[in-house]
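Here's the structure we're looking at; comments come further down.
The values are calculated or read from the model by the stated rules, or taken from the named source; none is laboratory data. Bear in mind that the values here come from a model prediction, so they are computed numbers and not experimental data. Cβ coordinates were reconstructed from backbone atoms using ideal geometry, including for glycine residues, and neighbour counts include every protein chain displayed.
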């Protein structure tokens, strides 16, 4: 790459993160791919990517990170997630995550994929997962607390209203504003509370045959700090890094035009099975 990947402030965390983060999907969401996965993680760091994330639910992803980050942990910001809804389960997940990733702390630990009213009530109730996150931060096991969701922006908005999260991970692409408008619902409250916004589903899971450059620039023109994108191989990772290195903001008319083109089939592009 001729130019370094730009960085942005991740909300009140104060972390300066590259506008491209390495997601835990793709190759990293697998088992038995140790060599290829470690090469990918090492290549991401060599390319200057400094925000790397995974999840307890992502197969062997955390273990790959633990092997690949030996001697490199202090060069990057490391994030993972727990899908447990109760305090005990979340704390058990964190212990496993730290063990797998061979680290004594996470930079960002996230409540994973909050979807429903029932999820919200359990997570924020007595002995809910949120208690584990607060305890972990107080104990120095995690620096910052995040929440993620891609099903219902109104549920995620309730989460941000109910607790002072540091980060939020949401889908950002041309289809979401026509079906379930995460940008419209989440960005205003995130901005008011200085919550770092992280983008996901940037490429619409590959279901729309559009240039990745267009989709990446669309997402990063929005008020987000970074986009976490997984890759199936190193070639894809390098392509993503090149797009990030050469990012430029789209004009408002371009944003509207792209969204208009996608609107007739937005629901199909964003449909996620429960």
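List the pairs whose first member sits in the stretch 119-132 and is on the phi > 0 side of the Ramachandran plot and touching a residue at least 40 places away in the same chain (Cβ under 8 Å), whose second member is crowded, with 17+ Cβ neighbours inside 10 Å and part of a helix (DSSP H, G or I), and whose Cβ atoms are under 8 Å apart, counting only residues at least 6 apart or on separate chains?
127/87
How many residues, within the stretch 94-135, are under 13 Å from residue 80 (Cα atoms) and assigned to a helix (DSSP H, G or I)?
So the answer is 9.
Can you tell me which condition residue 84 does not meet? The list is (1) touching a residue at least 12 places away in the same chain (Cβ under 8 Å); (2) under 22 Å from residue 241 (Cβ atoms), and all the others hold.
(2)
Which residues, taken from the stretch 3-23, are in a strand (DSSP E or B) and surrounded by 21 or more Cβ atoms within 10 Å (Cβ to Cβ)?
Step one: of the stretch 3-23, the residues in a strand (DSSP E or B) are 7-9, 16-18, 20-23.
Passing the criteria: 17, 18, 20, 21, 22, 23.
If I ask for residues that are outside any helix (DSSP H, G or I) and modelled with pLDDT of 90 or more, which ones from the stretch 179-212 would you list? Break it down into steps so the answer makes sense when it comes.
Narrowing the stretch 179-212 to residues outside any helix (DSSP H, G or I): 180-181, 194-203, 207-211.
Within the stretch 179-212, 194, 195, 196, 197, 198, 199, 200, 201, 202, 203 meet the criteria.
Under the condition of being in contact (Cβ under 8 Å) with a residue 60 or more places away in the chain and closer than 19 Å to residue 17 by Cβ, which residue from the stretch 161-192 is surrounded by the fewest Cβ atoms within 10 Å (Cβ to Cβ)?
The extreme case among them is 190.
Starting from residues that are more than 29 Å from residue 71 (Cβ to Cβ) and touching a helix residue (DSSP H, G or I) at 6+ places or on another chain (Cβ under 7 Å), keep the ones in the stretch 100-116 and report whichever is surrounded by the most Cβ atoms within 10 Å (Cβ to Cβ).
In the first step, residues of the stretch 100-116 are kept if they are more than 29 Å from residue 71 (Cβ to Cβ); the result is 111, 113-116.
Among the residues that remain, those that are also touching a helix residue (DSSP H, G or I) at 6+ places or on another chain (Cβ under 7 Å) are: 111, 114-116.
Numbers: 111: 28, 114: 23, 115: 15, 116: 13.
Here the answer is 111.
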